[in-house]
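Structure first, then comments.
The values are calculated or read from the model by the stated rules, or taken from the named source; none is laboratory data. Everything numeric here is computed off the predicted structure, so don't read it as measured data. Note that each Cβ is placed from the backbone with ideal geometry, even for glycine, and that neighbours are counted across all protein chains shown. In case anyone asks, the SASA skips ligands and DNA or RNA and just uses the protein heavy atoms, side chains included. Shrake-Rupley method; radii C 1.70, N 1.55, O 1.52, S 1.80 Å.
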Amino acid sequence: MKDFFLNYPTNKLCHDKIHFILDNDNALNYHNKLEEYSKTPLIQLNGLAKRIGVNKIFIKDESKRFGLNAYKVLGASYAIYKILSMNPKVSTFCTATDGNHGMAVAWSCNMNNKESVIYVPKDTSDQRIQSLSAIASRVYKTDLNYERTCQLAKTTSRKMNWQLVQDTSWKGYEEIPAYIMSGYLTQFKELENEINSIKKPKADIIFFQTGVGSWAASGIWYYLNKYGTKKPKIILVEPNECSGVFESFINGKRISPKGNFKTIMAGLNCGIPSKIAWEIIKNGCDACLKISDKYAKEAMRSLFYNHNKDLRVISGESGAAGLAGLMKCIKDKSLDNLRNHIGLSSDSKILVFNTEGDTDKESFKSIIKN
Ligand SMILES: Cc1ncc(COP(=O)(O)O)c(C=O)c1O
């Protein structure tokens, strides 16, 4: 079976309540007021672009986000702010996470003097659990996979009267994930004085690494809303072992991935795609591509061992997955159809996001050493 899927998006946004939330909330104004806020850097990697044979590579470095080493806090902080503006009495927030979203929820709870209860799936590394335990009120390791851990967080929150703040959505749980996606929009708005110019973006292809798809969908929403059919081509990148969006495309509707979930890309090791994200992805993504851990490692090393005068970028396993997708597109001889579909050539200007730094330091060191 092929490891890519070509989509022919309608490039249309619908205008339901979720789109209204994304449309009307201005998370950037909120984030701007936080003491810790600063825009993350956009770095141009000319040496790497030359080496792999494209015109330009831009990478937005989210390892510099709020001292948390990942972009996730943009979503959780904004959703918790919205929840507390509607109901200041909430005392405990709960979530399921494979690391980064949990750090984001715990950090945002601490900022608001609230309790955080974090559930992690069975394969979460000790290092990630340690980092969570240092800032969360309570952390519980389950013997379940990610999707089941989300269900546990949901049912326990209901029982205990905690507020669930989950970065994925399902029928009946849509508004809070939409606030999280609104929070992610800050990242794309930050690019407006850089490469998201008024009429046409300066990048023509974007690679988004994907877990449940909430982040990619907020990116797709942003680019569709701003540029319509002139948006860049958008490719979603998933691990071979857990590719819920790819499998949902093949299936024609959302399904849980059927892989073995054994990947180093912990942030992408998720379950069924988010309900509200899927609606946006279907209408705006141009392709999806599955990659092996080998490509993620290669991308991490390429960002670390810089080329010519490129700045060094510290990138974790999921953080490097967007670039890894580009590398596979270029190297893999069987991907001609995909390259033609997205117009990848030596003239292409590529945008990728380093969505996390070395969030698992031990793993990072051993990958970089080899
Ligand atoms: C570092 C990193 N990158 C990308 C993603 C993918 O985001 P989403 O699950 O919204 O697709 C995650 C999710 O946790 C992540 O931690």
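With charges only on Cβ, +1 for K and R and -1 for D and E, what is the dipole size of the range 73-176 about its Cα centre, in debye, rounded to 20?
Working: 12 positive and 9 negative charges, 69 e Å.
In debye, rounded to 20, the range 73-176 gives about 340.
For the charge dipole of the chain, defined by +1 on Lys and Arg C-beta atoms and -1 on Asp and Glu C-beta atoms about the Cα centroid, which residue among LEU45, ASN7, ALA178 has the Cα displaced farthest towards the positive pole?
The residue sitting most towards the positive pole is ASN7.
For the range 208-213, just list the computed ³J(HN,Hα) in residue order, Karplus coefficients 6.51, -1.76 and 1.60, θ = phi - 60°, integers in Hz, with x standing in for Gly and Pro.
Running phi through 6.51 cos²θ - 1.76 cosθ + 1.60 with θ = phi - 60° gives 10, 6, 10, x, 7, x Hz.
Using each residue's phi in the range 55-67, evaluate 6.51 cos²θ - 1.76 cosθ + 1.60 at θ = phi - 60° and report the 3J(HN,Hα) Karplus result to the nearest Hz, with x for Gly and Pro.
Running phi through 6.51 cos²θ - 1.76 cosθ + 1.60 with θ = phi - 60° gives 6, 9, 10, 10, 10, 8, 9, 7, 5, 9, 8, 6, x Hz.
Can you give the accessible area per residue of the chain, in Å², using a 1.4 Å probe?
Details: 15180 Å² over 370 residues.
Each residue of the chain exposes 41 Å² on average to a 1.4 Å probe.
In percent, how large is the relative contact order of the chain, given Cα pairs closer than 8 Å and 6 or more residues apart?
Values: 785 pairs, mean separation 86.5, N = 370.
Reported relative contact order: 23 percent.
Taking every DSSP beta bridge with both residues inside the range 73-176, roughly what % is antiparallel (nearest 5)?
Of all bridge pairs located within the range 73-176, approximately 10 percent are antiparallel.
Which whole-Hz ³J(HN,Hα) couplings does the range 30-46 yield from phi under the Karplus relation 6.51 cos²θ - 1.76 cosθ + 1.60, θ = phi - 60°, glycine and proline marked x?
5, 4, 4, 7, 6, 4, 7, 6, 8, 5, 7, x, 10, 10, 9, 9, 5
Quick check: residue separation of SER334 and CYS14 times 0.36 nm, minus the Cα distance between them. What number comes out in nm? The partial results should precede the final answer.
Numbers: separation 320, 0.36 × 320 = 115.20 nm, distance 3.53 nm.
Between SER334 and CYS14, full extension yields 111.7 nm more.
Within the chain, what percent of beta bridges assigned by DSSP are antiparallel, to the nearest 5?
Details: 8 of 38 bridges.
The antiparallel fraction comes to roughly 20 percent.
On the accessible surface of the chain, probed at 1.4 Å, how many percent belong to carbon and sulfur atoms?
Details: 7310 of 15180 Å².
Of all accessible area on the chain, carbon and sulfur atoms account for 48 percent.
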